[in-house]
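Trainee: If you scroll down you'll find the structure; I have some questions about it.
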Amino acid sequence: MLDTQLHLEAPEGVSFTLSPAGIPVRCAAFAIDFAIRCCVMLVCGYFITFLGEVGIGIMLILWFLLEWWYPVFFELSNQGATPGKRAMNLRVTFDDGTPVDFGASLTRNLLRFADFLPFLYGLGLCSMLINGQSKRLGDLAAGTLVIHQVAN
């Protein structure tokens, strides 16, 4: 099992444990989010094709928004979880367990382009294997951690 336990102590003296998410569950969450984005593109693409060349421009803008702002929007508005992360019971926090903010979410998601290199998230996967908390490059730069959500 690649997942580990991270034991932290708050300044108030309260101890708590975070469980960083490993590669398999994060890949499953990414696959769900990717499928959602593809479905949105297909449905919108069907209707936008009737607009001709203007439709192509609209599709490119939509693709950009879905690819780069979808995760940021959901991480900020949905307690650190995209629909895929929510389905897999994951969420994004800072390293100390506090909720992620706009700057950190933007940083970790913009660095997905570096994680993708050289092919199909190769660098991101290597980073996750090397790091004991399964952090990809975006998480390292933003000081964030993807954890298993504690059931209420």
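Trainee: Does region 25-40 contain any residue that is of a type in the set (A, V, I, L, M), closer than 30 Å to G124 by Cβ, outside any helix (DSSP H, G or I) and in contact with a strand residue (DSSP E or B) (Cβ under 7 Å, 6 or more places away or on another chain)?
Mentor: no
Trainee: Here is a further query. Please go through region 49-86 and pick out each residue that is in a helix (DSSP H, G or I) and β-branched (V, I, T).
Mentor: T49, V54, I56, I58, I61, V72
Trainee: Could I ask something else about it? What's the number of the condition A151 fails, among (1) open to solvent by 50 Å² or more (accessible area, probe 1.4 Å); (2) among the aliphatic types (A, V, I, L, M); (3) farther than 18 Å from L18 by Cα; (4) at pLDDT below 95?
Mentor: So A151 meets the others, but not (3).
Trainee: Kindly indicate the residue of region 9-24 that is open to solvent by less than 40 Å² (accessible area, probe 1.4 Å) and part of a strand (DSSP E or B) and also modelled with the highest pLDDT among those meeting that condition.
Mentor: P20
Trainee: Which of the residues spanning region 113-134 are at negative phi, surrounded by 14 or more Cβ atoms within 10 Å (Cβ to Cβ) and in contact (Cβ under 8 Å) with a residue 40 or more places away in the chain?
Mentor: L125, M128, Q133
Trainee: Could you look through region 61-80, keep only residues that are in contact with a strand residue (DSSP E or B) (Cβ under 8 Å, 6 or more places away or on another chain) and buried (at least 22 other Cβ atoms within 10 Å of the Cβ), and pick out the one that is farthest from F16 (Cα to Cα)?
Mentor: E75
Trainee: Tell me which residues, restricted to region 87-100, are open to solvent by 50 Å² or more (accessible area, probe 1.4 Å), touching a strand residue (DSSP E or B) at 6+ places or on another chain (Cβ under 8 Å) and part of a loop (DSSP other than H, G, I, E, B).
Mentor: N89, D95, D96
Trainee: Identify, by number, the condition in (1) in contact with a Cys (Cβ under 8 Å, 6 or more places away or on another chain); (2) in contact (Cβ under 8 Å) with a residue 40 or more places away in the chain that L62 doesn't meet.
Mentor: Here L62 meets the rest and fails (2).
The values are calculated or read from the model by the stated rules, or taken from the named source; none is laboratory data. Quick caveat, the model's predicted, so the values are computed rather than measured. Note: ideal-geometry Cβ built from the backbone for every residue, glycine included; neighbour counts use all protein chains shown. Only protein heavy atoms, including side chains, enter the accessible area calculation; ligands, DNA and RNA are left aside. Shrake-Rupley method; radii C 1.70, N 1.55, O 1.52, S 1.80 Å.
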